[in-house]
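What follows draws every value from the coordinates through simple rules; no lab data is involved. Just so you know, these numbers come straight off a predicted model, no measurement behind them. Positions of Cβ are backbone-derived with ideal geometry, glycine not excepted, and every protein chain shown enters the neighbour counts.
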Amino acid sequence: MRTEAIALALIGSLAIGCTTEAGEAGSDFSGQNNTDDGAGAGSDMQPDAGTPTTPTPEPETPTQPDPVTPEPTTPQPQPPTPTTPQPQPPTPTTPTTPTTPPAPTTPTTPTTPPAPTPSANPSYATQHPRIYMATNKSRLQARLAANGPAASRFKTLVDQWVGGANIWGFRAWNGALLGQLTNDPKYCAKSVAVVEAQVTTAEAAIAGGQRPVVASDSYLEIGDLIGDLALVYDWCNPSLTASQKTRWLAYANQAVWNVWNPTQAKWGNTTFAWSGWATNDPSNNYYYSFTRATMLLGLASHGESAQGAGWLTQFRDTKMLGQLVPTFTGDLQGGGSREGTGYGVAMRNLWKLYDLWYASTGEDLANKTGHTRASMLAFMHQVMPTGDKIAPTGDLSRDSTSAFFDYHRDYLQTLITMYSNDGLASRAKKMLESVSVTRMGSQFMAIDDFLYDSSAVASAPIDLNNTYHATGIGQLYARSSWSDPQATWVNMTAGPYTQSHAHQDQGSIMLYKGGWLGYDAVIHSKSGLPQQTTAHSLVRVNSNGAPVRQVANTISTMTGLKQTAQWTYAGADLKPAYNGNAAISMMQREMVFLPPNVVVVYDRVNTAAGTQQTWQFAMPVSPTISGNTATMSNGGHSLSIQRLAPSATTSVTSMTSVDADFTGGFRLDQTMAGGNHRYLHVMSIDGAATSVASANDSTVTLSVGGKTATIAFNRDAPGGTMTFDGTTTALSGVATLAP
């Protein structure tokens, strides 16, 4: 009787279709370590289960530790819980349908889209199972019957789970899926029992005047918890009693309603207002959890719950077509995430959301924007040539070392499966065959190898452009080769700084060959969260004894981009990152990469009297300084950094002296008084640059591979000229590079 009463109370408090939402997430931070309204790890920040290079037997007991949520430096405050519950809007008899937004511009799609054929509008099944099975059941049954490694491992783990094994992170829908594929009732029996326990525990918390677990950490886990409930509800529907169906949907409807109505969020008779973090920010990892819960609950319950149809409208029209598609089309050209690579890998959850919707309704949301396919290309450029590391951009709270992990494999192989008939997928498959993670190391992710097994996709040599500019996330990537694991990789950041997990790294350069030669110092931190300019390779300005901060919600611009067969040039105006700070009147950086092993960096900096400028380069090994040259070695390769201009005091700073969060790492510092200065440096790997000479503080001539290159940068304006082997080219204009 108690649980039935709670269910009725939950139903009575709902008002689906009212979408009073909080302000834009990510607009109220100023570079501090905000972590999602007090959130720590984020939706993809489970503990690292290791990255084995060869498969090892899986133990029956879990090896993963409990997840640890790092304490944010400055968490977003939760609004106080009202002492007097806010009134709930009346419950409508039918869900309100928001106005359908204008159709977005259709971007370029893959040559051959995957089956099923996309429909102009979604079609909703009315008989259970409604989600995923109609399109994929036969395929997965055949895979299970073939008993390949991924299928065998998945079934073995589900059987262990049914038998009582405690597998960290394992979700009940894994068992429900196997129940659908085998018709063995034991799988649904276990899955229903697990979700029933979730609901019963939540009901007890609500009866005690508390919030259930699903509401913790700003509803971060709602996608997993309510998604689990919805899939089991759909796939094991005949195994549920009428009472269970009523109670499960009442609890799930309230949870999802609370997400989209944060100021009125309510459990039982108690209002639990929350901040609404990321409910309007499609670029934030929380958003994919919120929309997963909304989508799956709508698909599973429409026609059986008064709220179900409203969730479908909320998901598709309001959130996907009304928010995500226009945001991604306008902001994320070139793919990737402005949260960086640590939190941006959570977009793998978005890929699965697209796949679930496509298979269930026939509507292709993934290709409503070019971002999805472009993210496959951007990701490939973010993987180091050695295949065991990812570009360390932004916060890295799960694993500060930026090692290639299960999530990265999942990100790429899901896209490969979604675009299986696209030539880019074949090239991505080639990369997937060479990375350090050959299968999911985490037991709870065995299902991903099963669902997204890309064995049917033939690999092809990676013949992509060695340089890629992901304009929406402000990242330029270049490498000397796709086929050589000892290739040189270079990265420069210049673009939007709009997410709380992004760093103050505009203008920063990273360099890799066999190992890190220049990096984000976050790699040698405990938390993975140092965001300050002091941790990056750029020109730092101190005013009144403290570093001048780069400011959030600013956009630096790429002023030049040009590529030839012999070199790549990039130029950036970084002054916008300082948001008009009077201490800085000019901050420009230009870079020329002469593959395979030479990088020339030129900086124009003008700062107010009384300031101090420090040209800094973060590296994992302490360099040796001799005159105007610093040298270091790592990963079997040496790096020399030769300063041609200006005269400056050179020193080496141990990062452990900068902040106790650092466990290692060093920084080459070249410091001088503020003013109007030009910095000219030649970075040479393994002695590749010879006969280096400068005519002034803006021009350098050097020999590379038997060819002579003279780079004459304009002293007071962006650009200049490059003369390579007798051919002179103007360094001007921002080119659109070939993919």
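If the cut-off is a Cα-Cα distance under 25 Å, which lysines reach residue 186, setting aside same-chain residues fewer than 8 apart in sequence? Excluding near neighbours in sequence, the set is 137, 155, 245.
Quick one: net charge around residue 368, please, counting Lys, Arg +1 and Asp, Glu -1 for every other residue with C-beta under 15 Å from its C-beta.
Details: positive: 316, 319, 373; negative: 317, 331, 355, 363, 364.
With Lys, Arg at +1 and Asp, Glu at -1, the net is -2.
So what's the net charge close to residue 630: Lys and Arg +1, Asp and Glu -1, counting the other residues with Cβ under 14 Å from its Cβ?
Values: positive: 643, 667; negative: 669.
My count for the surroundings of residue 630 gives +1.
Other residues within the sphere of radius under 10 Å centred on the Cβ of residue 149, judged by their own Cβ, net out at 0 (K and R +1, D and E -1). Using 7 Å Cα-to-Cβ label points, what is the residue 734/residue 651 separation (nm, one decimal)? Simple spin-label model gives 3.8 nm for this pair. With only Cα atoms counted, segment 467-731 has Rg and Dmax values of 17.1, 51 Å. Projected onto its three principal axes, the C-alpha set of segment 610-727 covers 51, 42, 23 Å, listed from the longest axis down. Cβ crowding within 10 Å, taken as a proxy for footprinting-reagent exposure, orders 220, 356 from fewest neighbours to most as 356, 220. All C-alpha pair distances within segment 245-354, sorted into 10 Å bins from zero, spread as 14, 43, 32, 11, 1 percent across the bins. Contact order, relative form, for segment 467-731: 15 percent (alpha carbon pairs under 8 Å, 6 or more residues apart, mean separation divided by residue count). Ordered by the number of other Cβ atoms lying within 10 Å of each residue's own Cβ, fewest first, 302, 408, 637 fall into the sequence 637, 302, 408.
Footprinting exposure proxy ranking of 426, 397, 585, fewest other C-beta atoms within 10 angstrom first, gives 585, 426, 397.
My understanding is that a pair violates if its Cα-Cα distance is over 26 Å; which of 430/513; 352/429; 319/526; 266/352; 190/429 do that in this structure?
On the way: 430/513 20 Å; 352/429 18 Å; 319/526 36 Å; 266/352 30 Å; 190/429 36 Å.
Those over the limit are 319/526; 266/352; 190/429.
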